[in-house]
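The values are calculated or read from the model by the stated rules, or taken from the named source; none is laboratory data. Note that the coordinates shown come from a computational prediction; the quantities given were computed from them, not determined experimentally. Because the Cβ atoms are built from the backbone with ideal geometry, glycine has one as well, and the counts that use them run over all protein chains shown. Calculation scope for accessible area: heavy atoms of the full protein, side chains included, ligands and nucleic acids excluded. Shrake-Rupley method; radii C 1.70, N 1.55, O 1.52, S 1.80 Å.
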Amino acid sequence: MTQTEITTADNRRGLITALVGLALVAALLLSVFLYGQSRQDPYTRSSLDLQGDQERGSKLFLINCAGCHGIAGQGLVGPNLHGVSRRKGDSALIQQVVSGRTPPMPKFQPDPQAMADLLAHLHNLQ
């Protein structure tokens, strides 16, 4: 290898390292921004401020969610929800329910008390 080829290879490695670093910083900043947005969202905040009732949440789940997630949350078309509250925080769960970002999940925004009830039910799915 000539000196020019070595310098070119070193420059490429340096550029790749810089781009990977930049991508990591951008991902971190985006995560912080999205977390802050979900915490500032009035709907999320009001749902989190309420005490949920697991029994009412179970009824809501059966009516609105069981068709895809199964009667016991075991997963059918939608994923298994057992232990979901250990994998995702409450804000993330609320955003998942209301956004419909993961097709074929529809957008669903119950009133804040109903969302708190649904969260109580999700916490109970072990």
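Please go through the stretch 89-105 and pick out each residue that is without any contact (Cβ under 8 Å) to a residue 24 or more places away in the chain, over 18 Å from Gln54 (Cα atoms), in a loop (DSSP other than H, G, I, E, B) and open to solvent by less than 80 Å² (accessible area, probe 1.4 Å). Lay out the reasoning, then the answer.
Within the stretch 89-105, the subset without any contact (Cβ under 8 Å) to a residue 24 or more places away in the chain is 89, 96-97, 99-103.
From what is left, the residues that are over 18 Å from Gln54 (Cα atoms) are 96, 99-103.
From what is left, the residues that are in a loop (DSSP other than H, G, I, E, B) are 100-103.
Gly100, Thr102, listed by residue number.
Residues that are aliphatic (A, V, I, L, M), surrounded by 16 or more Cβ atoms within 10 Å (Cβ to Cβ) and assigned to a helix (DSSP H, G or I) within the stretch 49-65 comprise just one, Leu60.
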